[in-house]
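The values are calculated or read from the model by the stated rules, or taken from the named source; none is laboratory data. From a predicted model like this one, the values you see are computed outputs, not experimental measurements. Cβ sites come from the backbone with ideal geometry, for glycine too, and all protein chains shown count toward neighbours. In case anyone asks, the SASA skips ligands and DNA or RNA and just uses the protein heavy atoms, side chains included. Shrake-Rupley method; radii C 1.70, N 1.55, O 1.52, S 1.80 Å.
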Amino acid sequence: MKKRAIGAAVLSAVTVAALAFGTNSPTDAKAAKGANNQNAKNVILFVGDGMGTDHRDAIRLASVGANGKLAMDDMPSVGRVHTASGNSFVTDSAAAATAMASGVKSYNGAIGVNMKGKPVQTVLEKAKLAGKTTGLVTTSQVTDATPAAFGAHVKDRSAQSDIAKQYLENSKVDVILGGGEDYWYPKGNEGAHSDAPPEDKTEGSKGTQGNLVNKAQKLGYTYVNNENELKYAKGTKLLGLFANEEMFQQAPEGQGDVYNPQVSLKNMTKKAINTLSQNKKGFFLVVEEEGIDEMAHNNNAELMIKAGKQLDDTVKMAKVYAKTHPDTLVLVTADHATGGLALEKVDNDNKDNGGDEKSKVDGPFAIAHSKEQFVADWTTEEHTSSDVPLNAVGAGSERFTGVYENTYLHDALLKAMNLK
């Protein structure tokens, strides 16, 4: 299922007010005490799709309690990122990822192109030209908006087979792991994952560029389609497609909604790091957790939290790697916030404290290590204009302290890696 088109924009005052970040500007960050001025040989960029501040808080409360810290929050450099696209104050994932990857604002739906539809080089492509290996890992289709904007250039995010072909022929991404097999095979060739599966009869091969899995293998990629194959895969170029579409099922609560990736985000990311780190010049890796966004679109706080926990477990693993490889930069951010989420206390009849009948209250959920509970109050099923948090640790992380546009990530990443 493709992400929904942006509908009504909702400004969440609660979310904005909850952002408690440092006030240093990006230009001031270099002078921050304890700054790590070492160049980043390796970069691991985590994107929690749709994960605003209140989403993080919900994940934190349910996981470690009010006084605990998530791995993604426990980082020394803290920033706040503005998310507007080039043609709307409410972005979609394509424009947001394009801004982060290429440093330009573009229109909603754009993948690696500017407002005029012209390709703009990405930080992943620049890292590749510098001799680094590159990777894309996601629980969505590997050709979905966020990973696509780092490794492809199309005017419309729906051209997912074109995106896959560009990964192989143009940007030459070394490791590609996630879902979306349907865009790699033409209609009639169902691949490893059956067409019209019981969980979603609408899924099936729909590729427009021939058999791209065969093409990848001819180009030297090791192809895998399940966890056991991934575990034992060898080589320096790896393609793993573990589902027809996303690696989960999003639907209204109790109507087929399941978060159960065949391969966990953590295991995919660990394999990607092990594969990419064979290169002595370092690597650039983008890791996306899509379930946060999709479940927020369905106002499903339970599965949004479950996806968020998997993201945090993966971040924790990456931080362990960075600790033993101090030339590694780890960042966690989001492309935008989804659902207009606010967290509220539980009242006696579990009604919306604001009295707005149009908003949806989800829960209650237990707060870890306490007797308290909270409810998730959703105000929309779409994206909002809220800023999103960013946390960073490791080589060059001091550059990410402050308040800035999402385009700044591209510039700061290049400087952190000492790339032109």
Worksheet item: Does the stretch 371-401 hold any residues that are touching a Phe, Trp or Tyr at 6+ places or on another chain (Cβ under 9 Å), of a type in the set (A, V, I, L, M, F, W, C) and within 22 Å of ILE44 (Cβ to Cβ), and which are they?
Response: LEU390, ALA392, PHE400
Item to complete: Output the qualifying pairs, or none if there are none: Cβ atoms under 6 angstrom, residues six or more apart or on different chains, first residue in the stretch 154-169 and more than 12 Å from GLY112 (Cβ to Cβ), second residue assigned to a loop (DSSP other than H, G, I, E, B) and open to solvent by 10 Å² or more (accessible area, probe 1.4 Å).
Response: SER161/THR208; SER161/GLN209; LYS165/GLN209; LEU168/LEU219
Discussion item. Whether any residue in the stretch 129-149 is touching a Lys or Arg at 6+ places or on another chain (Cβ under 7 Å), modelled with pLDDT of 95 or more, among the charged types (D, E, K, R) and closer than 21 Å to GLY220 by Cα is what I want to check.
Written reply: yes
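Please specify each residue of the stretch 263-281 satisfying the condition of being open to solvent by less than 80 Å² (accessible area, probe 1.4 Å) and under 18 Å from the mean Cα position of the chain (by Cα). Give the derivation first.
Residues of the stretch 263-281 that are open to solvent by less than 80 Å² (accessible area, probe 1.4 Å), as a first pass: 263-265, 267-269, 271-273, 275-277, 279.
If the condition is that a residue be open to solvent by less than 80 Å² (accessible area, probe 1.4 Å) and under 18 Å from the mean Cα position of the chain (by Cα), then VAL263, SER264, LEU265, ASN267, MET268, THR269, LYS271, ALA272, ILE273 are the ones that fit.
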Fill in: ALA307 of a type in the set (Gly, Ala, Ser), open to solvent by less than 10 Å² (accessible area, probe 1.4 Å) and under 14 Å from the mean Cα position of the chain (by Cα)
yes
Fill in: Residue identified as within 30 Å of ILE163 (Cα to Cα) and charged (D, E, K, R) among ASP73, ASP92, ASP57
ASP92
Worksheet item: Taking the stretch 143-159, which residues are buried (at least 24 other Cβ atoms within 10 Å of the Cβ) and part of a loop (DSSP other than H, G, I, E, B)?
Response: THR143, ASP144, ALA152, HIS153, ARG157
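Residue by residue, here is whether (1) open to solvent by less than 20 Å² (accessible area, probe 1.4 Å); (2) under 23 Å from THR384 (Cβ atoms); (3) of a type in the set (A, V, I, L, M, F, W, C) holds:
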| site | (1), (2), (3) |
| --- | --- |
| ASP49 | yes, yes, no |
| SER63 | no, no, no |
| PRO76 | no, no, no |
| GLY79 | yes, yes, no |
| ALA95 | yes, yes, yes |
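Starting from residues that are among the aliphatic types (A, V, I, L, M) and part of a loop (DSSP other than H, G, I, E, B), keep the ones in the stretch 160-195 and report whichever is surrounded by the most Cβ atoms within 10 Å (Cβ to Cβ).
Ranking the candidates gives VAL173 first.
Output the residues belonging to the stretch 282-300 that are within 16 Å of the chain's Cα centre (by Cα) and over 27 Å from ALA395 (Cα atoms).
GLY291, ILE292, ASP293, GLU294, MET295, ALA296, HIS297
Tell me yes or no: at least one residue of the stretch 373-396 is in a helix (DSSP H, G or I), under 24 Å from LYS105 (Cα atoms) and open to solvent by 20 Å² or more (accessible area, probe 1.4 Å).
Of the residues in the stretch 373-396, the ones in a helix (DSSP H, G or I) are none.
No, because not a single residue in the stretch 373-396 is in a helix (DSSP H, G or I), under 24 Å from LYS105 (Cα atoms) and open to solvent by 20 Å² or more (accessible area, probe 1.4 Å).
Collect the residues in the stretch 397-420 that are of a type in the set (Ser, Thr, Tyr) and in a strand (DSSP E or B), keeping them in residue-number order.
Taking the stretch 397-420 as the starting set, the residues that turn out to be of a type in the set (Ser, Thr, Tyr) are 397, 401, 404, 407-408.
TYR404 - this is the single residue of the stretch 397-420 that is of a type in the set (Ser, Thr, Tyr) and in a strand (DSSP E or B).
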Worksheet item: Could we say that LEU168 is aliphatic (A, V, I, L, M), closer than 21 Å to LEU230 by Cβ and more than 20 Å from the chain's Cα centre (by Cα) here?
Response: yes
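Need at least 2 residues that are closer than 17 Å to LYS319 by Cβ per element, so show me which helices (runs of 4 or more DSSP H) inside the stretch 29-142 make the cut, counting only ones lying wholly within it. Even if it seems obvious, please write down each step before you answer.
Numbers: elements: 53-63, 93-102, 123-129.
Per the criteria, 53-63.
Can you tell me how many residues within the stretch 334-367 are part of a loop (DSSP other than H, G, I, E, B), at pLDDT below 95 and not acidic (Asp, Glu)?
Quick first cut of the stretch 334-367, residues part of a loop (DSSP other than H, G, I, E, B) only: 334-336, 339-341, 346-359, 367.
This time we only want the ones that are at pLDDT below 95, so: 346-359.
From what's left, not acidic (Asp, Glu): 346, 348, 350-351, 353-355, 358-359.
So the count comes out to 9.
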Worksheet item: Out of (1) at pLDDT 95 or above; (2) open to solvent by less than 10 Å² (accessible area, probe 1.4 Å); (3) touching a strand residue (DSSP E or B) at 6+ places or on another chain (Cβ under 6 Å); (4) more than 13 Å from VAL388 (Cα to Cα), what's the single condition that is false for LEU70?
Response: (3)
